[in-house]
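Okay, structure first, notes after.
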There are 2 protein chains.
Amino acid sequence: MALKMRKNQSGDVPYNCPLSECMAILGGAWTTNLIWFLSGGPRRFSELKNDLEGISAKMLTTRLKELESKMVVDRKVLPTSPPSVEYSLTELGTELVPAINAIVEVGHKIKVRNGKL
Amino acid sequence: MALKMRKNQSGDVPYNCPLSECMAILGGAWTTNLIWFLSGGPRRFSELKNDLEGISAKMLTTRLKELESKMVVDRKVLPTSPPSVEYSLTELGTELVPAINAIVEVGHKIKVRNGKL
DNA sequence: CGGTATCCCCCAGGATACTG
DNA sequence: CAGTATCCTGGGGGATACCG
């Protein structure tokens, strides 16, 4: 199912372990998938919207902006008509890929092991 | 900040990529940290509550039950008085650790690189 | 100690409509 | 095509109180 992420009411940081920094990036719903698809190479807005089947334009924009502000994703506007925008992983974003791959790998193991969670 | 995870309204699976299985496990708020602390060895309820500073008993119970039902965590009641309960990672849970370590590692890189996200 | 029960807040994110 | 604006909702999860 889709996952949503929220801050808690206090707004404080509960992550008191080494996971904080990276989870702050990977935390948002769709985020890991977004990075996963971008890891295949630059991708345009509408392509990503297709990749992430079911995501709303609003959330895609939100996540992309968030990742852009965190220097994970690069946004490049191509001077075409109609305008097209290309998103790609920054160097930092690329560094997240191994972690995501590790997740994918375990996910696969789980799937193989017992077709169902 | 603390992260909350929610299902979407449709209840459908948006994860249309290899991340689904594992993220379904790691998705919950506190979950990665919980597994992280358990990776150090068996731990009791109150110890975990201390580890995960700020978590409510309710959520800790919820997450532990969820992970137990997903065969990630094992719950063992020790016949002591007062009663104590020991939680530990199952074999499956142990397989999640490398993925989490990968996340930790990237998080550390990020921290080193620019002390702030 | 190791939980469960209740109450309720809150915002991530979906749906829809519109723009340059 | 690539968004932005607005409205709304549901369930995650905090706070608190209580139990065996």
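Do we find a residue being over 30 Å from B:Val73 (Cβ atoms), in a strand (DSSP E or B) and acidic (Asp, Glu) anywhere in the stretch A:88-102?
For the stretch A:88-102, residues over 30 Å from B:Val73 (Cβ atoms), in a strand (DSSP E or B) and acidic (Asp, Glu): absent.
Taking only the stretch B:80-100 into account, find how many residues are within 14 Å of another protein chain (Cβ to nearest Cβ), of a type in the set (S, T, N, Q) and under 12 Å from B:Leu67 (Cβ atoms).
Number of matching residues: 1.
Of all residues in the stretch B:64-79, which are of a type in the set (Lys, Arg) and more than 10 Å from chain A (Cβ to nearest Cβ)?
Within the stretch B:64-79, B:Lys65, B:Arg75, B:Lys76 qualify.
Here is a check on your reading of the model: is B:Leu60 in contact (Cβ under 8 Å) with a residue 40 or more places away in the chain and either farther than 30 Å from A:Ile55 by Cβ or not charged (D, E, K, R) (or both)?
Answer is no for this residue.
Sort out which residues of the stretch B:42-85 are away from DNA strand D (no atom under 12 Å from the Cβ) and part of a strand (DSSP E or B), and write them in order of number.
Selection gives B:Arg43, B:Arg44, B:Val73, B:Asp74, B:Arg75, B:Lys76, B:Leu78.
So A:Tyr87 clears everything in (1) within 14 Å of the chain's Cα centre (by Cα); (2) modelled with pLDDT under 95 except one condition, right? Which one?
(2)
Among the residues of the stretch A:34-84, which ones are at pLDDT 95 or above and on the phi > 0 side of the Ramachandran plot?
Of everything in the stretch A:34-84, just one residue is at pLDDT 95 or above and on the phi > 0 side of the Ramachandran plot, namely A:Gly41.
Restricting the search to the stretch B:83-101, which residues are surrounded by 16 or more Cβ atoms within 10 Å (Cβ to Cβ) and small (Gly, Ala, Ser)?
B:Gly93, B:Ala99
Within the stretch A:34-63, track down each residue that is away from DNA strand C (no atom under 12 Å from the Cβ) and either away from chain B (no Cβ under 14 Å) or of a type in the set (D, E, K, R) (or both).
A:Gly41, A:Pro42, A:Arg43, A:Arg44, A:Glu47, A:Asp51
The values are calculated or read from the model by the stated rules, or taken from the named source; none is laboratory data. Everything quoted here is computed from the prediction, not taken from an experiment. Cβ coordinates were reconstructed from backbone atoms using ideal geometry, including for glycine residues, and neighbour counts include every protein chain displayed.
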